[in-house]
1. State, in angstrom, two size descriptors of the chain derived from its alpha carbons: Rg to one decimal place and Dmax to the nearest whole number.
2. Taking only protein heavy atoms into account and a 1.4 Å probe, give the accessible area per residue of the chain in Å².
3. What range in the chain is the longest one free of GluC sites (Glu not before Pro) that are in a loop by DSSP and have at most 13 other Cβ atoms within 10 angstrom?
4. For the chain, modelled as a Gaussian network with Cα springs under 10 Å, which listed residue fluctuates most, Asp55, Asp47, Asp97?
5. When the helix-only estimate is applied to the chain (DSSP H runs of n ≥ 4, each -39,500 (n - 2.57), divided by the residue count), what is the mean residue ellipticity at 222 nm, nearest 500 deg cm²/dmol?
6. Quote the charge dipole size of the chain about the Cα centre in Debye, to the nearest 20; the model charges only the Cβ of Lys and Arg (+1) and of Asp and Glu (-1).
7. As an exercise, use a Förster radius of 41 Å and the Cβ-Cβ distance of Asp178 and Leu52 to find the FRET efficiency, rounded to the nearest 0.05.
8. With only Lys, Arg, Asp and Glu charged, each at its Cβ (+1 for the first two, -1 for the last two), find how big the charge dipole of the range 1-94 is about the Cα centre; round to the nearest 20 debye.
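The values are calculated or read from the model by the stated rules, or taken from the named source; none is laboratory data. Please read these numbers as outputs of a predicted model, since none were measured by experiment. A quick note on method: Cβ atoms are made from the backbone with ideal geometry, for glycine too, and the neighbour counts reach across all protein chains shown. The protein model used for the area step is the full one, side chains on, heavy atoms only, and it has no ligands, DNA or RNA in it. Shrake-Rupley method; radii C 1.70, N 1.55, O 1.52, S 1.80 Å.
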Amino acid sequence: MELQYATDPYNAASHPPDEDGDKIPDAEDGDIDGDGALNEDDAFPFDPAESLDTDGDGTGNVADEDDDGDGFPDSVEVEAGTDPLSAEDKPTDLDGDSVANEDDAFPEDPTEVVDSDGDGTGNNADEDDDGDGDLDLYSLSWGQDRMFLQEVDHTFSDVTTSTVPTQSLQTRAGVVADFDGDDLPDIFSINYDQKNSLKLNLGQGYLSDASDNLPWDDY
């Protein structure tokens with residue numbers, strides 16, 4: 001055999017190429033790297049650590065963190081219950097906020113969905129959602145609290161009816177703080193001759209009346 005490959009049969013260091021050391025010359029070896037995958041089925045016939053490249057990106061599945069090339073790491077797909085080897089099967093709502101990834105500016109953050117001004121800060125955390133440099137306004141009122149969004153022309157749009165619970169309060173003062181630990185600013189109202197009230201920030205500018213959760217009834 002060695003004469004066939006023009007190597008010296010009397011010199012142990014002279015032998016036909018044998019990538020996997022199985023004493024079968026590579027030219028005759030159906031599995032050159034000895035990884036169990038036949039050469040014709042092996043995307044990396046000279047690499048015993050790799051045999052598949054599902055997305056054809058030149059990186060074998062063992063080293064590739066996104067085997068199917070769908071943009072979702074294999075570890076994320078496994079956690080989401082989708083197939084990391086199928087680009088067609090991928091997570092549709094990574095953060096579980098009921099908003100599809102393609103419609104979610106923050107698909108891995110359950111507390112954010114919209115970034116109106118595209119500044120990288122979600123509307124929940126952004127004090128200036130429209131990115132015009134001007135703050136928006138929440139008014140504690142003697143009657144119905146009101147929410148105003150400052151437009152780019154510095155006028156204010158009243159969005160109270162769609163964002164603030166309907167109430168008739170005689171508010172004397174208020175405190176803005178994160179009362180429920182979700183990193184969103186909530187509003188505590190100190191009212192005259194009425195039970196004090198608490199509005200929790202639900203995100204996207206919406207508030208919910210949580211006054212019944214207050215530990216006291218006196219006023």
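1. 32.1, 108
2. On a per-residue basis, 60 Å².
3. 152-219
4. Among Asp55, Asp47, Asp97, the largest GNM mean-square fluctuation belongs to Asp47.
5. Value at 222 nm, helices only: -1000 deg cm²/dmol.
6. Using only the charged Cβ atoms, the result is roughly 2000 debye.
7. The formula returns an efficiency of 0.25 here.
8. Here the size comes out at about 440 debye.
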